[in-house]
Every structure is written in structure tokens, then in C-alpha cells.
Number of protein chains: 2
Amino acid sequence: MNPSRPRIPEATVARLAVYLRVLTGLADGGRAGVSSGELAGAAGVNPAGLRKDLSHLGPCGVRGVGYDVLGLRDRIARVLGVERSRPCVLVGLGNLGSALADYAGFGSRGFEFVGLFDSAPERIGQVIGGRPVRPVTELDRVVAETRATIGVIATPAEVAQSVCDRLTAAGVRSILNFAPVTLTAPAGVDVRQVDLSVELQVLAFLDTQRDAPVPALGGMA
Amino acid sequence: MNPSRPRIPEATVARLAVYLRVLTGLADGGRAGVSSGELAGAAGVNPAGLRKDLSHLGPCGVRGVGYDVLGLRDRIARVLGVERSRPCVLVGLGNLGSALADYAGFGSRGFEFVGLFDSAPERIGQVIGGRPVRPVTELDRVVAETRATIGVIATPAEVAQSVCDRLTAAGVRSILNFAPVTLTAPAGVDVRQVDLSVELQVLAFLDTQRDAPVPALGGMA
DNA sequence: AGCTGTGAAACATTTCACAGCT
DNA sequence: AGCTGTGAAATGTTTCACAGCT
């Protein structure tokens with residue numbers, strides 16, 4: 001209703017990022033318009049939910065017609081803050097960290113990795129995704145110089161907390177953690193946890209439940 | 001209330017996987033008992049929520065005392081189906097796929113990668129996480145032979161849908177997709193999407209909102 | 001006293017149904 | 001007719017408060 005800042009639900013923010021990806025694809029393909037039904041299909045959500053999500057941005061479409069692909073794309077990009085480039089640092093360049101550093105999708109979405117850090121001597125100096133890997137000892141300095149506020153942790157679990165401590169001490173206020181440990185950070189620092197094995201475990205659980213929906217109350221009689 | 005199968009909420013299942021990880025750590029450290037407060041702290045949730053989660057498994061603890069670490073660990077492991085080994089296949093062994101194949105955590109949680117597949121000739125034959133990489137042409141045969149029901153897609157976006165089609169055709173019924181595209185699969189097949197850039201984008205959005213909570217209604221006057 | 005287990009309340013999210021514009 | 005925008009209902013999730021056991 002109020003288009004300025006009635007706070008957008010977090011679940012909606014996550015989906016907006018998906019819509020943005022789909023719209024970018026449509027725009028690149030030359031499409032001019034799209035309906036909520038088609039967009040919802042391509043994003044894997046239901047049409048009413050999509051319209052509800054977009055309603056948080058104020059009116060975006062034309063009734064009876066649909067949405068303008070470029071207009072909607074830019075609107076979402078602006079809300080998500082994609083136009084300003086955000087300096088991020090990434091710590092840990094094993095396979096996962098390398099995959100992240102290498103992922104071209106970040107650059108086009110407003111993220112710039114201004115520092116890649118690792119502690120293994122053999123990785124220092126390697127260039128990944130166009131950036132050199134530096135020793136973690138330089139972390140504090142680089143964060144200060146670039147005013148990076150976002151940090152990504154892709155280290156082994158054992159060192160993740162100490163990396164988190166260094167990041168927060170250096171001034172990072174938002175952390176995305178891929179290491180399978182729960183981090184503790186000072187109040188005011190937002191830590192988000194992504195645990196890849198948890199996702200697989202949920203999938204497996206649902207897989208099992210489907211095959212054995214209600215296996216009788218008594219167990220294996 | 002009913003300890004057999006009143007269906008466990010999905011959000012709870014995800015957290016159970018986290019509790020299991022923490023409990024395994026405590027057990028390895030020789031701890032015998034733990035309270036909901038301490039366990040909740042280590043898992044990053046609130047104590048009441050943790051107890052509510054555990055209530056879905058039926059009584060697990062001792063009032064006035066707490067939980068038995070080993071007993072609770074095993075209970076959760078049984079509910080999540082960790083004891084039976086699940087055959088999984090993984091397609092795409094770039095950095096991300098390699099990180100997944102290499103992650104020791106899977107083995108100890110009931111997952112066994114019975115097949116690693118890639119289409120790049122230079123990757124065929126490489127051994128990652130103790131398993132050789134095979135050509136995707138063998139996918140159908142391996143899925144059939146091993147009766148794998150879980151598939152993980154870590155390919156580039158362009159080929160993810162065709163990989164999904166092959167997996168489902170071969171009999172896979174649960175798919176975890178890391179490629180940044182929305183997959184369509186036949187009814188009865190469960191597809192879960194993990195989009196790493198979405199996580200970062202949500203984090204960035206919250207980061208921005210914090211710095212500019214309510215920037216006046218008129219824009220930049 | 002201490003801590004678990006749980007109904008009930010508060011909150012968030014999703015879905016529905018339809019008014020309203022083109 | 002077609003499709004968006006949105007209040008209201010339905011559903012799901014988190015938090016609270018406290019009864020009940022040790």
C-alpha cells in the first residue's frame with residue numbers, strides 16, 4: 001500500500017532476487033512483456049504469490065496487460081540495491097570458495113569481491129575470478145581500505161569462528177557463512193548460515209517420508 | 001503428542017539436521033548431558049523453539065535435568081534416516097561439484113555418492129572424494145544399477161534442465177539443484193533449489209536497510 | 001530449584017477470491 | 001475478456017508462559 005518503506009518481508013526479498021534473474025533472462029532474449037502467470041511459472045512460484053510480492057514495491061504492472069520486462073527488472077534491481085556496487089571479501093578459497101569467487105553472476109548483481117583471502121601458502125597469488133588470492137594477514141587492512149561491509153566465509157569449520165572474529169573486528173557487518181558451524185558475532189552483525197548438507201538432509205527426509213508415509217503405529221511388528 | 005508420524009514440519013527437519021551436527025560434536029568431545037539452553041545456543045536458535053522441535057519426536061529428555069547427548073543424537077539420526085545409507089549421484093564436477101563430492105560430512109550423514117558425472121573429457125577419470133568421475137553417458141545405467149533416488153545438480157545453468165530430465169527418466173525422485181535456473185520436473189519428483197547468489201542478495205538487502213532504515217518519504221529532496 | 005514438554009497466543013507467510021483497470 | 005492489485009481467510013511458524021517431573 002505504502003510504496004516507500006513498509007518493510008519488505010524477508011521471504012519476499014529472496015524471491016525478488018529470483019524474479020530478477022528470470023527477468024534478466026527474458027530481457028536478454030528480447031521479450032517486452034510478461035504476465036504474472038508466465039513469470040511465476042519460470043520462477044517456480046504461484047502467480048498470486050508473485051503478485052503479492054510485487055505489491056510491496058507499489059504498482060508495477062498494467063491491469064489487463066501484464067508487466068513490462070525492462071521496467072520491472074529495473075524496479076526490482078533498484079529495490080535490491082543492485083545498481084550500487086558492494087565491496088565484499090571472501091575468506092577461504094578451497095573448492096567452494098573458488099566456485100563463489102568464479103561465479104560471474106555476482107558481478108552483474110552488484111557484488112564485487114575486493115579481496116580473496118586464504119592462509120595456505122600455495123594458494124596465495126593464484127588468480128581466481130580475475131582477482132589474486134592474498135594472505136589473511138592482509139584482511140584487516142583491505143577491509144578498512146575498501147570499506148567492505150560484507151564478508152563470505154568458505155573456510156573449514158575449525159577456523160570459521162576466528163575468521164568471523166577478524167571480519168567483525170575489521171568492520172564487516174554482514175556475514176554469509178558456508179562453514180558447518182554456528183557462529184557467534186557481536187550484536188549488530190548479521191550472520192546468515194548456509195549449510196549445504198542440511199539441504200541434502202531435508203531432501204532425503206522428504207524422500208524417505210514419501211516412500212513410507214504412515215508405516216503403522218507399532219513399528220516393525 | 002503422537003510420537004509415531006504426525007508429520008514433522010519442514011522447518012523443524014532443517015533444524016534437526018543442525019542439532020544432529022552439534023550433538024555429534026558434543027558426543028565426540030565426551031559430553032554426556034546437555035540442556036535445551038546450551039544446545040539452542042550452539043545451534044543458533046532459541047531454547048523454547050528447540051524444545052518444540054524435539055517435541056515432534058516424542059519425549060526425549062528428562063525434566064529438571066536435560067538431554068542425554070548420545071540418546072538424543074541417535075534419536076534424531078534415526079528420524080532423519082541417517083543410519084541407512086542413501087545412494088546419490090552428483091552431476092557436474094566444477095568447483096562447486098568438487099566441493100560437494102569432497103565434503104566428508106555427507107558420508108557420516110547417510111549419503112553415499114555412488115556416481116560422479118561430468119561431460120568434460122578432461123575431468124573423466126579424475127578421482128574426487130575417493131570416487132572416479134564418469135561420463136554422463138553412464139548416468140542412466142548407474143542410477144538403475146544402484147537404485148539411486150537422490151540426484152545433485154552442480155552443472156552450469158544451461159545444461160541443468162537436460163540433466164534433470166535424464167535424472168528423472170532414470171528414476172531419480174529427489175533432486176537438489178545448485179544451478180541458477182528453475183527446473184521443471186514431472187509430478188512426484190521433488191526438486192529443491194539452492195541459489196547461492198540469492199543468499200548473498202538477501203544479506204546485502206538487509207545490510208542496506210540497516211544503514212538506511214526510513215530515508216524520508218519524499219526520496220532525495 | 002531446575003529444566004522439559006506443550007497448549008495457547010502472537011506473528012509471518014501463503015493462498016484465495018474478487019474488485020478494478022485496460 | 002484478460003490480468004493486476006489486494007483485503008481476507010487459511011495455513012504455517014515462532015514465541016510465550018507455565019504445568020509437571022526430578
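The values are calculated or read from the model by the stated rules, or taken from the named source; none is laboratory data. Worth saying up front: this structure is predicted, and the values here are computed from it rather than measured. With ideal geometry, Cβ positions are generated from the backbone for all residues, glycine too; neighbour counts draw on all protein chains shown. Please note that ligands, DNA and RNA were not included when accessible areas were found on the heavy atoms of the full protein model with its side chains. Shrake-Rupley method; radii C 1.70, N 1.55, O 1.52, S 1.80 Å.
Condition first: closer than 24 Å to A:Val194 by Cβ and within 9 Å of DNA strand C (Cβ to nearest atom). Now tell me which residues in region A:14-49 satisfy that.
Answer for region A:14-49, where residues must be closer than 24 Å to A:Val194 by Cβ and within 9 Å of DNA strand C (Cβ to nearest atom): A:Ala14, A:Arg15, A:Val45, A:Gly49.
Looking at region A:83-112 only, could you name the residues that are at the interface with chain B (Cβ under 8 Å from one of its Cβ atoms) and either part of a helix (DSSP H, G or I) or more than 28 Å from A:Val136 (Cβ to Cβ) (or both)?
A:Asn95, A:Leu96, A:Ser98, A:Ala99, A:Leu100, A:Asp102, A:Gly105, A:Phe106
Just one of A:Gly130, A:Gly115 is over 23 Å from A:Thr12 (Cα atoms), more than 14 Å from chain B (Cβ to nearest Cβ) and either open to solvent by 20 Å² or more (accessible area, probe 1.4 Å) or within 16 Å of DNA strand C (Cβ to nearest atom) (or both); which is it? Full working, then the answer.
On the way: A:Gly115 fails: either open to solvent by 20 Å² or more (accessible area, probe 1.4 Å) or within 16 Å of DNA strand C (Cβ to nearest atom) (or both).
One residue alone meets the criteria, A:Gly130.
Quick check on A:Asp53: is it away from chain B (no Cβ under 12 Å), more than 8 Å from DNA strand D (Cβ to nearest atom) and surrounded by 22 or more Cβ atoms within 10 Å (Cβ to Cβ)? Walk me through it before giving the result.
Numbers: away from chain B (no Cβ under 12 Å): yes; more than 8 Å from DNA strand D (Cβ to nearest atom): yes; surrounded by 22 or more Cβ atoms within 10 Å (Cβ to Cβ): yes.
When the stated conditions are applied, A:Asp53 passes them.
Which condition does B:Leu57 not pass, out of (1) touching a helix residue (DSSP H, G or I) at 6+ places or on another chain (Cβ under 8 Å); (2) over 21 Å from A:Leu203 (Cβ atoms); (3) within 11 Å of DNA strand C (Cβ to nearest atom), if it passes all the others?
(2)
So in region A:73-108, with the set limited to residues that are under 18 Å from A:Arg147 (Cβ atoms) and among the aliphatic types (A, V, I, L, M), which one is surrounded by the fewest Cβ atoms within 10 Å (Cβ to Cβ)?
Within region A:73-108, the match that is surrounded by the fewest Cβ atoms within 10 Å (Cβ to Cβ) is A:Val89.
Identify all residues within region A:150-206 that are open to solvent by less than 30 Å² (accessible area, probe 1.4 Å) and of a type in the set (Asp, Glu); write none if there are none.
The one that is open to solvent by less than 30 Å² (accessible area, probe 1.4 Å) and of a type in the set (Asp, Glu): A:Asp195.
Just to be sure before I move on: is A:Arg7 within 16 Å of DNA strand D (Cβ to nearest atom) and farther than 26 Å from B:Glu158 by Cα in the structure I sent?
Working: within 16 Å of DNA strand D (Cβ to nearest atom): yes; farther than 26 Å from B:Glu158 by Cα: yes.
Taking the combined requirement at face value, the residue satisfies it.
Are there any pairs with C-beta distances below 6 angstrom linking a residue in region A:117-141 that is part of a strand (DSSP E or B) to a residue that is among the aromatic types (Phe, Trp, Tyr) and open to solvent by less than 80 Å² (accessible area, probe 1.4 Å), with the two at least 6 apart or on different chains, and if so which?
A:Arg131/A:Phe113; A:Arg134/A:Phe117
If you scan region B:67-86, which residues turn out to be in contact with a Phe, Trp or Tyr (Cβ under 8 Å, 6 or more places away or on another chain) and among the hydroxyl-bearing types (Ser, Thr, Tyr)?
Residue satisfying the conditions is B:Ser85 alone.
Test each condition in (1) of a type outside the set (D, E, K, R); (2) outside any loop (DSSP other than H, G, I, E, B); (3) away from DNA strand D (no atom under 13 Å from the Cβ); (4) loosely packed, with under 15 Cβ neighbours inside 10 Å for B:Gly30 and report the one that comes out false.
Result: B:Gly30 passes all but (2).
Restricting attention to region A:152-178, which residues are part of a loop (DSSP other than H, G, I, E, B) and within 11 Å of chain B (Cβ to nearest Cβ)?
Residues satisfying the conditions are A:Ala154, A:Pro156, A:Val172, A:Arg173, A:Phe178.
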